[in-house]
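Q: Can you keep this structure in mind? I'll have questions shortly.
Derivation of every value follows stated rules applied to the coordinates shown; laboratory data play no part. Treat the numbers as computed from the prediction; the structure is a model and nothing was measured. No Cβ is skipped: glycine too gets one built from the backbone with ideal geometry, and neighbour counts run over all protein chains shown.
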Amino acid sequence: MTEAMQTLVLGGGCFWCTEAVYVQVRGVVDVESGYCNGEAPNPTYEMVCTGRSGHCEVVKLVYDPAQVSTRELLEIFFVIHDPTTLNRQGNDTGTQYRSGIYFTTPEQEQEARAVIDELKQSGIYRSPVVTEVQALANYAAAEDYHQDFFARNPNQGYCMAVAAPKVAKFRKTFTRLQKD
């Protein structure tokens, strides 16, 4: 008997890049770009871009834990973005680009905190991990034109420079977790 589907929300910089990776992960049945953990109930991209709404650009993952574990999703997360830069990923700066794990179950929270503790103890990063771990709040889907952006625009400059290398890193590092 398989477990019920679960939802986990991750903020790792621009959602175009994060989405481009997770759509390729075995067991992830839906990936949606969106915004979470801010003040406004129905944020727009323009509001979030100001950095004043408090929202984080995120991807909402719906996954089958019988095929991919929360830990594996988090392992991917910590490989494809820099969890040591506060409110920044590469040239993208602002609170909307913060590193965050937004859990929907107590088990996800425990797993996230355990993985972060292991990373801190390993010394793999020269700087402290600043990834926030919070319960998911005030989630809203991003506008339609943000959904599947990389798949629809692979030759767009930002996609080629930022998203494509993250996808390549995922493919190289996590061959066993790729969809067939």
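Q: Name the residue that is surrounded by the most Cβ atoms within 10 Å (Cβ to Cβ), counting only residues in segment 116-129 that are hydroxyl-bearing (Ser, Thr, Tyr) and in a loop (DSSP other than H, G, I, E, B).
A: 125
Q: OK, next. Return the residue satisfying two criteria in turn: it lies in segment 130-174 and is polar (S, T, N, Q) and in contact with a Pro (Cβ under 9 Å, 6 or more places away or on another chain), and of such residues it is surrounded by the most Cβ atoms within 10 Å (Cβ to Cβ). Reasoning before the result, please.
A: Of segment 130-174, the ones polar (S, T, N, Q) are 131, 134, 138, 147, 153, 155-156, 173.
Filter once more, so that each one left must be in contact with a Pro (Cβ under 9 Å, 6 or more places away or on another chain): 131, 138.
Values: 131: 24, 138: 16.
Among those residues, the one meeting the criterion is 131.
Q: Next question, about the same structure. Which pairs turn up if I take residues in segment 109-138 that are charged (D, E, K, R) and look for partners that are assigned to a helix (DSSP H, G or I) with beta carbon separation below 9 Å, at least 6 apart in sequence or on another chain?
A: Within 9 Å, the pairs are 111/70; 111/71; 111/74.
Q: Tell me which residues, restricted to segment 78-113, are in contact with a helix residue (DSSP H, G or I) (Cβ under 8 Å, 6 or more places away or on another chain) and part of a helix (DSSP H, G or I).
A: 78, 79, 80, 96, 107, 108, 111, 112, listed by residue number.
Q: Let me ask you something else. Return yes when residue 58 is in contact with a strand residue (DSSP E or B) (Cβ under 6 Å, 6 or more places away or on another chain), crowded, with 20+ Cβ neighbours inside 10 Å, part of a strand (DSSP E or B) and not small (Gly, Ala, Ser) and no when it is not. First the steps, then the outcome.
A: Numbers: in contact with a strand residue (DSSP E or B) (Cβ under 6 Å, 6 or more places away or on another chain): yes; crowded, with 20+ Cβ neighbours inside 10 Å: yes; part of a strand (DSSP E or B): yes; not small (Gly, Ala, Ser): yes.
So residue 58 fits the description; yes.
Q: Looking at segment 134-157, is at least one residue more than 17 Å from the chain's Cα centre (by Cα) and of a type in the set (Gly, Ala, Ser)?
A: yes
Q: Still on this structure, I have one more. Does at least one position in segment 164-180 carry a residue that is closer than 17 Å to residue 57 by Cβ and in contact (Cβ under 8 Å) with a residue 12 or more places away in the chain? So that I can check it myself, show each step before the final result.
A: First, the residues of segment 164-180 that are closer than 17 Å to residue 57 by Cβ: 166.
From what is left, the residues that are in contact (Cβ under 8 Å) with a residue 12 or more places away in the chain are 166.
Scanning segment 164-180 turns up at least one residue that is closer than 17 Å to residue 57 by Cβ and in contact (Cβ under 8 Å) with a residue 12 or more places away in the chain.
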